[in-house]
Amino acid sequence: MPPAAHTPDGRTPPGTRVPSPSAPAPEEDAPDEHTAQALAAPLLGGWNLVDHTRLVDGQVVGHPLGPGPPGRLEYRPDGRMSALLMRRDRPWPDGLSFTRATDEQRGAAALGFVGYAGRYTLRGDLVLHHVEMSLYVEHVGDVLTRRISWEGPRLVLHTEPRPTRTGGTTTDRLEWSRDPVRPDHPA
């Protein structure tokens with residue numbers, strides 16, 4: 001199977017078949033189930049967001065969720081994943097409940113939040129997030145591709161490069177530290 005094509009924003013178009021490691025494509029170099037599990041082992045467990053930076057042509061241009069955003073990433077042994085990230089300074093009036101807020105207030109708060117879940121598969125140094133539910137409606141059914149690297153014990157994920165309006169290339173870099181409690185090693 002040829003590699004999946006990606007849209008300009010780094011997503012795999014809906015309907016593009018990307019095989020899972022538990023059922024690899026019939027390729028000569030596709031990993032068997034044991035190899036796929038070994039590739040996933042370092043990712044398993046919970047991760048806390050350390051830093052989220054946006055780069056254009058390799059240069060840091062900002063922090064999309066502001067300084068020190070809280071975030072949580074989870075990879076489970078059963079092939080499930082979830083990601084939750086948010087701005088610390090999301091606008092919200094004191095004492096207001098979400099159900100009593102106006103659509104405008106809820107919309108402004110939602111702009112500072114990213115949340116999605118689904119299944120994940122691995123292909124070399126890529127982890128593919130098969131989105132089943134998301135705050136961003138357009139991501140449901142998509143595959144979000146992240147390039148994996150390591151800085152010591154920290155997991156670093158890069159979004160796929162995408163073009164800017166000015167002809168450059170942008171990507172996001174997300175750095176994660178391991179949560180001390182892992183699902184395969186209960187506390």
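Values quoted throughout were computed directly from the atomic coordinates according to the rules given, and no laboratory measurement underlies them. Everything numeric in this text was worked out from a predicted model, so none of it was measured. Neighbour counts are summed over all protein chains in view; Cβ atoms, including those assigned to glycine, are modelled from backbone coordinates with ideal geometry.
Below are the figures for this structure:
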| quantity | calculated |
| --- | --- |
| Extension gain from H63 to R178, taking 0.36 nm per residue of separation minus the Cα-Cα distance | 39.3 nm |
| Mean separation of Cα contacts under 8 Å (6+ apart) over length of the stretch 55-187, as relative contact order % | 18 |
| Selection from L128, V114, G79 lying farthest towards where the dipole of the stretch 65-133 points positive, charges on Cβ | G79 |
| Hydrodynamic radius (Kirkwood) for the stretch 119-163, which is based on Cα pairs only, to one decimal in Å | 11.5 |
